[in-house]
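Working notes for the structure below.
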Amino acid sequence: MFKKTLAILFCLYICFSSQAEATKVEKNTLGTNYSKLKVDNLPIGNTISLKKLVNLPLIVTNNANHSIYVEFSSSVPTKSPEGYQPLKDISWITFDITSATLTAHSKIEVDVQIKIPDDEDLFGSKLHTYLNVHKKPLGRSGFQFGLLMTSHLFFSIAPERNDEALAKALESTTDANFIIQPDRVELFDIKAGQKVDVVNENNEKIVLKNESSKKQTYLLNLVDPKTTLVKPELDSQPRYDVDNVKIKPEEITLNPGKQRDIKIKINVPDTVDFKKGKLLYMLSITSGVPKGAIQQYLRIYLNPKDKTNPEKSKMFLEKK
C-alpha cells in the first residue's frame, strides 16, 4: 500500500553552455524555473504530468528585447549521484511541445511528462535524467550565440503498485510553487571590508512571490555552496560566512499571489583575496509539505571589477 505523500524537491541549479565562436559576450536573457527536481514513489504503467501532479510546469522566460527560439529535450546524464542510476531510455521523458518562439519579455509553460512502463522489475528504482532548454539563434543580424540550460530530474518508482494513491494525489495537488526574483545577482566594484546591500541590477530589493493557490510559509537561510549541486562560475570562490550575512526576515508567510521584499546585507571580510575570483554566497528558500519539499537558491556574486571600466578594475586588482 502506498503510504507516503508524493513530494517534490526543487533546487535551483543551472548549468550554462555557450556555443559561440565569437569573443563578445551577450548577456544571458533566458530563464527557467527548473534546476533540480525530485519526485518520489511514482507508479509503474502510468504517464505522470508534473504540471498536474505538483503544479510545476517548466516555465521558460525571455528577458531580451527581441524574440528567441528554444527547443526542449532530455538527455542521459554523464554522472548520477550515489543511489541513482542514469535513465538510459530518454523516450520516457516527453514535453507537450518540443520547441517555441518567445517574443520579447514573454514566457511559456511546458508540461514535462514521465512515461513509466508497466514493468514490475522497476519497483524501487531511483532514476536521474537531464532536462534541456536550448536557445538557438533566430534570424537576427549581428552577434548571436546558442545557450543550453540543463536541469536535473530525479524520480523514484514506488515499490509496489499504487494507482489508487496516484489518483488521490492528483485530486489534491501538492501546490507550493513560488519564485525568487531574480535568482542570480552580481554586484560590481566591491572591496574587502565593504558593507553591501544585495539588490538587483535596477537597484531594487530581491522579491519572493507565492505562485501557489494556498497560503505558504517560507524559510530563508544561508547555505554553503560546496554542499549543493550548484556549479560555481569559473572565476568565483564559494563563501559561507554566516556571521557576515544578515537576512530579514528569515521566515515569511504569504497569501496566494502576494510578494515581499527580502533584505540581505553582507559584510565583506577584510581578509578576502579577490585575486582568487569574485565571491559567491547562496541563499536557500524552502517551502512545501513535507517541510522543505520545494527549495530554490539565490546566487549572489560580489565582483571587485568595475562593470563600466575594466581598466580601472585591472588597476585595482594589481594594487591589491
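On a full-extension model of 0.36 nm per residue, what is the gain between T61 and Y240, subtracting their alpha-carbon distance, rounded to one decimal in nm?
61.4 nm
With labels modelled as points extended 7 Å from the Cα through the Cβ direction, what inter-label distance (nm, one decimal) is found for K107 paired with K136?
Distance between label points: 2.5 nm.
Give me the distance in nm between label points sitting 7 Å out from Cα along the Cα-to-Cβ direction at N46 and F123, one decimal.
1.7 nm
Estimate the FRET efficiency between Q85 and K226 by the formula 1/(1 + (r/R0)^6), using the beta-carbon distance for r and 25 Å for R0, to the nearest 0.05.
Approximately 0.50, to the nearest 0.05.
Determine ³J(HN,Hα), in whole Hz, for all residues of region 70-84 in sequence, where each value follows from phi through the Karplus function 6.51 cos²θ - 1.76 cosθ + 1.60 and θ = phi - 60°; x replaces Gly and Pro.
Each residue of region 70-84 in turn: 10, 10, 10, 7, 10, 8, 7, x, 6, 7, 10, x, 4, x, 10 Hz.
Could you pull out every residue, at least 5 positions away or on a different chain, whose amide H is within less than 5 Å of the one on L42? Hs are placed 1.01 Å off N in the peptide plane, and Pro or chain starts have none.
S156, I157, A158
Stretched out fully, how many nm does the piece from S99 to N267 gain, at 0.36 nm a residue minus the Cα gap?
Gain on extension, S99 to N267, equals 56.1 nm.
Just grab the label-to-label distance for E250 and S73, each label 7 Å out from Cα along the Cβ direction, in nm (one decimal).
The two pseudo-label positions are separated by 4.6 nm.
Read-outs throughout are calculated quantities, based only on the coordinates presented, and are distinct from any laboratory measurement. What you see is a predicted model; the values in this text were computed from it and never measured. For neighbour counting, all protein chains shown are included, and Cβ atoms are generated from backbone atoms with ideal geometry for every residue, glycine included.
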